[in-house]
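Right, one structure below, let's go through it.
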Amino acid sequence: MTTPRVYVIHENPEWFPPFAAAFEAEGVPVEELLLTDGGALGSIDLGAEPAPGVYWSRMSASSHTRGNEHSKEYARALLGWLERSGATVVNGSHVLELEVSKVAQHGLLRDAGFDVPRTTAVFGSAALQDAARTFTGGQDVPFITKHNQGGKGLGVRRFDTLAEFDAYVDSPEFEAPVDGITLLQELLTAREPFITRAEFVGGEFVYAVRVDTSAGSFELCPADACEVPQVIAGAVCDVPGAETPGAPEAFSLRTEVTAEHPLVQQLRTFLADQRIQVAGVEFMETTDGRTVVYDVNTNTNYNPAVEAAAPVSGPRAIARFTGALLEQAYAASATTV
């Protein structure tokens, strides 16, 4: 009989080493289920029972940018089979659907009472230019675009005039979203040049990360494997001081944001209500006094510099959380034998 373990469902092995080290440090058996063409899980017997263990999904909305165009569909099939079989699944199929749709995230956050960016979802490219005029009231006011299936700053561009936007849509540089849905969104002006990402594991707050945006980049993935040259092709927000030399570290611990912070408590309740066990939630404090929540990332990565300074490790918190679920599931199955 296969020894029960934690199975990690994903498609990018470059992101896995910190988690492998964390599971080893916590003494929790782990195995990758790589959902790529020719990956570790090439097929599933739909009439069989899943191997004993806990299944943690960390599928990414940006998997298609790494040549894994079908990984999200593989994950839908796998997670559905696991859930129908009664397996213990962390961040299951309902979370995958949230990960791959900023429209869904926006709606759930808004319904939960968070301040969210004013947003219009545009289907296809034919309606984009007219939709932009409706969105801006026909005025040349700054706005941004982004892809509905995001991650890695996909499709995030700033436009200051409608003529500039028209030229982009008509140009070969136009970046079509993988699902055909482009978001038009208000341009937010940050009070200081950073956004904050609050990390949660097992429904509990781990720490908050200050993500510097002074260089204008919107590649905000904190993992070492995500490091890319800064690209200043617009910004997700206005960044006062963007020309100031001696910029701070891109990722640092924001110690004043604690578990007692009102927004953190509100986010904790939101994640519990949505049955999201592992997530990083991004928000921005603006010059006009707003605290805007705009992204729920359910395949969170962790930055080494932040991890070195933090009192609690994100990957090790995940290893402990899933390890505890594994013990509970295995103890329950042992008592029924």
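So the values come out like this:
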| quantity | calculated |
| --- | --- |
| Any chance GLU11 is on the phi < 0 side of the Ramachandran plot and either out of contact with any helix residue (DSSP H, G or I) (no Cβ under 9 Å at 6 or more places or on another chain) or surrounded by fewer than 22 Cβ atoms within 10 Å (Cβ to Cβ) (or both) | no |
| Some residue of the stretch 41-58 being within 22 Å of GLY280 (Cα to Cα), without any contact (Cβ under 8 Å) to a residue 40 or more places away in the chain and not acidic (Asp, Glu) | no |
| Members of the stretch 1-52 that are among the charged types (D, E, K, R), in contact with a Phe, Trp or Tyr (Cβ under 9 Å, 6 or more places away or on another chain) and closer than 22 Å to GLU307 by Cβ | GLU32 |
| Qualifying residues in the stretch 99-115 (those that are surrounded by fewer than 20 Cβ atoms within 10 Å (Cβ to Cβ) and in contact with a helix residue (DSSP H, G or I) (Cβ under 8 Å, 6 or more places away or on another chain)) - the one nearest to GLU173 (Cα to Cα) | ALA104 |
| The stretch 32-55, residues that are open to solvent by 70 Å² or more (accessible area, probe 1.4 Å) and out of contact with any helix residue (DSSP H, G or I) (no Cβ under 9 Å at 6 or more places or on another chain) | GLY38, ALA40, GLY42, SER43, ASP45, GLY47, GLU49 |
| Residue check for GLY155: among the small types (Gly, Ala, Ser), open to solvent by less than 60 Å² (accessible area, probe 1.4 Å), part of a loop (DSSP other than H, G, I, E, B) and in contact with a strand residue (DSSP E or B) (Cβ under 9 Å, 6 or more places away or on another chain) | yes |
| Neighbours by Cβ (under 7 Å, 6+ apart or cross-chain): first from the stretch 23-35, under 16 Å from THR3 (Cβ atoms); second open to solvent by 40 Å² or more (accessible area, probe 1.4 Å) and assigned to a loop (DSSP other than H, G, I, E, B) | PRO29/THR3; GLU32/ALA40; LEU33/ALA40; LEU33/LEU41 |
| Subset tally (residues that are in contact with a strand residue (DSSP E or B) (Cβ under 7 Å, 6 or more places away or on another chain), part of a loop (DSSP other than H, G, I, E, B) and over 24 Å from GLY107 (Cβ atoms)) for the stretch 275-318 | 4 |
| The stretch 107-152 - residue that is touching a residue at least 60 places away in the same chain (Cβ under 8 Å) and assigned to a helix (DSSP H, G or I) and, of those, nearest to ARG290 (Cα to Cα) | LEU109 |
| Conditions (1) within 19 Å of ARG275 (Cβ to Cβ); (2) open to solvent by 30 Å² or more (accessible area, probe 1.4 Å); (3) touching a residue at least 24 places away in the same chain (Cβ under 8 Å): number failed by ARG84 | (3) |
| Candidate set from the stretch 250-267 (those that are of a type in the set (Val, Ile, Thr) and in a loop (DSSP other than H, G, I, E, B)); member that is nearest to ARG197 (Cα to Cα) | VAL257 |
| Single condition VAL89 does not satisfy, out of (1) under 22 Å from LYS152 (Cα atoms); (2) open to solvent by less than 40 Å² (accessible area, probe 1.4 Å); (3) at pLDDT 95 or above | (1) |
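Table: residues versus (1) open to solvent by less than 30 Å² (accessible area, probe 1.4 Å); (2) more than 19 Å from VAL100 (Cα to Cα); (3) modelled with pLDDT under 95.
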site: THR258; (1), (2), (3): no, yes, no
site: PRO262; (1), (2), (3): no, yes, no
site: ARG268; (1), (2), (3): no, yes, no
site: ARG275; (1), (2), (3): no, no, no
site: ALA279; (1), (2), (3): yes, no, no
site: GLU282; (1), (2), (3): yes, no, no
site: ARG290; (1), (2), (3): no, yes, no
site: VAL293; (1), (2), (3): yes, no, no
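The values are calculated or read from the model by the stated rules, or taken from the named source; none is laboratory data. Given the structure is predicted, the values throughout are model-derived calculations rather than measurements. Counting neighbours? That spans all protein chains shown, and the Cβs are built from the backbone with ideal geometry, glycine included. These area figures cover heavy atoms from the full protein model, side chains too; ligands, DNA and RNA do not enter into them. Shrake-Rupley method; radii C 1.70, N 1.55, O 1.52, S 1.80 Å.
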